[in-house]
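Everything below concerns the one structure shown next.
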Amino acid sequence: MSSSIDHNTAMPSEHPTNSLFAAAGLPWRRLAREPLLHFLLLGALVFGADQLITARRGDPQTIVISADVKKESTEIFKTGMKRDPSAADLKILLERWVDNEVLYREGLALGLDRGDSSIRERVIFKALSLTQSGLSLPKIDREGLRQWFEARHARYDAPSRVDFLEAVVSIDRTPEALKPFVEALNGRGKSDVDSSLRVFKDRPRSNLVQGYGEGFAAALEKAVPGQWQALPSADGLRVVRLEQVVPGVPAQFEAIEEALYRDWKDGTMSELTTRAVREMGKKYRVREAEVAK
């Protein structure tokens, strides 16, 4: 049995970022859980300014989501997340693009483009700032913040982490084909199957679910350490050996209270802003461009 070793190459990092988000110092995980994401960032870097301004000539009350917008959204997501966006992912990106477009058009209507007519993101930012200046955060006491935290406890808990090995084989991954190979790895018999070894250290459970599926993560956590076995994953059987599971640590409210308040404040303002922009957006008709046949 021949093998090669590949350390930590098979799965994406816990908090994947691309140059788009890294440039602003904002982790994807935090952006992804905010209702509004980041108007300026998406407006400026994801969809570009000049080509969209030119393409939008027409009915000022109709917003058209073109094929180019969908394509660029998909490509940016794939570059940053190393996977194709799901229907839900794409829906979020397109909703944010529509939000930006509403802000842009409202900004133009208010004359916020004066002196900045060629810089779309600045118009969006001005309209966003003007919208947020009219919003007020509700009051929240310590008990209210605790309840907010309890509803989002998993977000702040330190996740369980797993060390494991995977033997990547060159044969069909059927139970019949893998059985003698797994037996040989466990010292019961011989096998001439070529394989390479991948070593995974300190992998959070969410990373396992993303890479291999919920069923695989659950089975691996229950596996006997030090024993090779074939476990079903999202894309077929995988030959793996559990090394260790490090239990997660629940977050304590008192230890992170200040950070919780900041998150509550940011999240609530994002939700209020989203509602305000969506209310403004009711005056527009949004439709998808027809695909040319």
**Item:** Whichever residue in the range 137-146 is touching a residue at least 60 places away in the same chain (Cβ under 8 Å) and closer than 30 Å to Val102 by Cβ and, among such residues, is surrounded by the fewest Cβ atoms within 10 Å (Cβ to Cβ)
**Value:** Pro138
**Request:** Go through Thr62, Thr131, Thr74 for me and flag whichever is at pLDDT 80 or above, out of contact with any Gly (no Cβ under 9 Å at 6 or more places or on another chain) and buried (at least 18 other Cβ atoms within 10 Å of the Cβ).
**Result:** Thr131
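Can you find, within the range 225-245, the residue that is surrounded by the fewest Cβ atoms within 10 Å (Cβ to Cβ) among those that are of a type in the set (A, V, I, L, M, F, W, C) and modelled with pLDDT of 95 or more? It would help to see each step written out before you state the result.
Just the residues of the range 225-245 that are of a type in the set (A, V, I, L, M, F, W, C), to begin with: 228, 230-231, 234, 237, 239-240, 242, 245.
Retained after the next criterion (residues that are modelled with pLDDT of 95 or more): 228, 230-231, 237, 239-240, 242, 245.
Numbers: Trp228: 21, Ala230: 20, Leu231: 21, Leu237: 19, Val239: 20, Val240: 25, Leu242: 21, Val245: 17.
Result: Val245.
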**Tabulated pairs, the range 147-175, first touching a residue at least 24 places away in the same chain (Cβ under 8 Å), second of a type in the set (Val, Ile, Thr) and not in a helix (DSSP H, G or I), C-beta under 6 angstrom, 6+ apart or interchain** = Ala158/Val249; Arg161/Val246; Val162/Val245; Phe164/Val240; Leu165/Val199; Glu166/Val240; Ala167/Val239; Val169/Val193
**Prompt:** Is there any pair linking a residue in the range 221-245 that is in the same structural domain as Ala167 (by TED's automatic domain parsing) to one that is buried (at least 20 other Cβ atoms within 10 Å of the Cβ) and of a type in the set (Asp, Glu), with Cβ under 7 Å and at least six apart or on different chains, and which?
**Reply:** Arg238/Glu166; Val239/Glu166; Val240/Glu166
**Prompt:** Going by the structure shown, is Lys179 over 22 Å from the mean Cα position of the chain (by Cα), among the charged types (D, E, K, R) and not in a loop (DSSP other than H, G, I, E, B)?
**Reply:** yes
**Request:** Go through the residues of the range 246-253 one by one and say whether even a single one is out of contact with any Asp or Glu (no Cβ under 8 Å at 6 or more places or on another chain), part of a strand (DSSP E or B) and either surrounded by fewer than 16 Cβ atoms within 10 Å (Cβ to Cβ) or not acidic (Asp, Glu) (or both).
**Result:** no
**Asked** When the range 218-245 is examined, which residues are found to be more than 25 Å from the chain's Cα centre (by Cα) and not in a strand (DSSP E or B)?
**Response** Lys222, Ala223, Val224, Pro225, Gly226, Gln227
**Request:** For Met269, work out the one condition from (1) exposed (fewer than 13 other Cβ atoms within 10 Å of the Cβ); (2) at pLDDT 95 or above; (3) assigned by TED's automatic domain parsing to the domain that holds Lys71 it doesn't fulfil.
**Result:** (1)
**Request:** Look at Val193 and say whether it is outside any strand (DSSP E or B), loosely packed, with under 12 Cβ neighbours inside 10 Å and in contact with a strand residue (DSSP E or B) (Cβ under 8 Å, 6 or more places away or on another chain).
**Result:** no
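Answer yes if at least one residue in the range 106-125 is touching a strand residue (DSSP E or B) at 6+ places or on another chain (Cβ under 7 Å) and farther than 22 Å from Lys265 by Cα, and no otherwise.
Residues of the range 106-125 that are touching a strand residue (DSSP E or B) at 6+ places or on another chain (Cβ under 7 Å), as a first pass: none.
No, the conditions are met nowhere in the range 106-125.
The values are calculated or read from the model by the stated rules, or taken from the named source; none is laboratory data. Being a predicted model, the structure only gives us computed values, none of them experimental. For neighbour counting, all protein chains shown are included, and Cβ atoms are generated from backbone atoms with ideal geometry for every residue, glycine included.
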